[in-house]
Amino acid sequence: MKKSTIIKYIKGDVSERERISVLKWASRNKANELYIARLKNIYISQSLPQEEASEEELNKIFELINKSDSLKKEVRENNYLVLSKIAVWRAASVILLLIVSALYFLNQTRKEYNPLAENSIKAIAYKNFATSKVLYTPKGVKAHLILPDSSQVWLNSDTRIEYPDTFDLSVRNVTISGEAYFSVIKNPQRPMVVKTKKGFSIEVLGTEFNLKAYEDDKKAQATLYSGEINLLREKDNKIISTKIEPNQTIIINSEFSGINVSKIIKETPADESAWKEGKIIFDYTPVSELIKTLERWHGVEFIVKDQEILNYRITATFNSESIVQIMDLIQLTSLIKYEVQNRKVILRKKY
């Protein structure tokens, strides 16, 4: 972002397009917010009269802060007061005005930059201003967590989730890479938006659903069990919304250019979240996909000596078996043989 554009914004000389651009840039991270706030501080300090503030003016400034819960909270919890004290100002009113100015800018940024009004997936699931928490479940590990609004999330292996300490007032933003089962507290005025790394987001009002969106998978999918969710994606610079009904599974294929979406109704939709109960279900699954699942579940590495094996398909259900037990069964019922060397599983054709 050009400094000249930011200064024009502070002075109020920008076009609507430039204004939105500055607000979007400011929303990306805390450092951007503070940078603009500091520039605004400098601009205000240079514009203030040199005489000291009167007692009446000081009282009005304190009254302004005390009337706003958000301003009091920001002054108490953040570093704006500390930042302002670094500089030596002639009058106490200068310091206070700079604090109010910075906080006013940040509050205005939050209000004016409405992500749901922008034709961009990045805008729909924009980053919260609150401090983010990141949780990663390594291969072979699963986890359960409770979000700030008391919604619950179960994480499958090799999954990363990012969410704020406190959700925004208008939208609950979560970013996921991997597989997770969500049980979301209903709040129509404050929808949850689950952003993925696959070019789409899921808008949630209050529901239970399973989302599988690993970055290295060609396909992603979401299965809805109750409530309502919408798949959001960008196409031709517009946001396309696809509604998903209970017991429907939506497949998102990004293997080719663009994103292809198809809805299906599975006979046993519960199979998609069986992993939460410790089950692995393969239903005519290509070995190429089976390998990824077993690597994530057991923390092993597969080495395929004969590439033809990747097209073989396996149907089986496993429940807490070790990798050796699983491979023993696959070897017994298919044309695949295997050997284990340390944490590596080597696959070959039998014939």
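So which trypsin sites (Lys or Arg not before Pro) in the range 268-339 end up in coil per DSSP with only 14 or fewer other C-beta atoms within 10 Å?
Lys305
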GluC sites (Glu not before Pro) in the range 218-290 lying in a DSSP loop, each with at most 11 other Cβ atoms within 10 Å of its Cβ, come to Glu255, Glu267
Note on the range 181-275: alpha-carbon gyration tensor, axes a ≥ b ≥ c; rule is a/c under 1.5 for rounded, else prolate if a/b larger than b/c, else oblate; result oblate
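Count charges around Arg348 for me, please; just the other residues with Cβ under 12 Å from its Cβ, Lys/Arg as +1, Asp/Glu as -1.
Values: positive: Lys305, Lys337, Lys349, Lys350; negative: Asp306, Glu308, Glu339.
Around Arg348, the charge tally is +1.
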Listed by chain and number, the residues whose amide H is under 5 Å from that of Glu228, excluding neighbours fewer than 5 places away on the same chain and using placed H, are Leu205, Gly206
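Enumerate by residue number the chymotrypsin sites (Phe, Trp or Tyr not before Pro) in the range 201-272 meeting two conditions: DSSP loop (anything except H, G, I, E, B), and at most 12 other Cβ atoms within 10 Å of the site's Cβ. Display every interim value, and only then the final one.
Working: sites: Phe209, Tyr214, Tyr225, Phe256; in loops: Tyr214, Phe256.
When the chymotrypsin sites (Phe, Trp or Tyr not before Pro) of the range 201-272 are filtered for loop state and at most 12 Cβ neighbours within 10 Å, Phe256 remain.
How big is the charge dipole of the range 121-271 about its Cα centre, in debye rounded to the nearest 20, if each Lys and Arg gets +1 on its Cβ and each Asp and Glu gets -1 on its Cβ?
On the way: 21 positive and 18 negative charges, 52 e Å.
Here the range 121-271 has a charge dipole of around 240 debye.
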Computed from the beta carbon distance with a Förster radius of 51 Å, FRET efficiency for Thr268 and Ala31 to the nearest 0.05 stands at 0.60
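Would you mind calculating the relative contact order of the range 121-271 from Cα pairs under 8 angstrom and at least 6 residues apart, reporting the percent as a whole number?
Values: 384 pairs, mean separation 23.4, N = 151.
Relative contact order of the range 121-271: 16 percent.
We did not get these values from a lab; they are worked out from the coordinates using the rules stated. The model shown is predicted, which means the values in this text are computed figures rather than measured ones. Methodologically, a virtual Cβ is constructed for each residue, glycine included, from the backbone with ideal geometry; neighbour enumeration extends over all protein chains shown.
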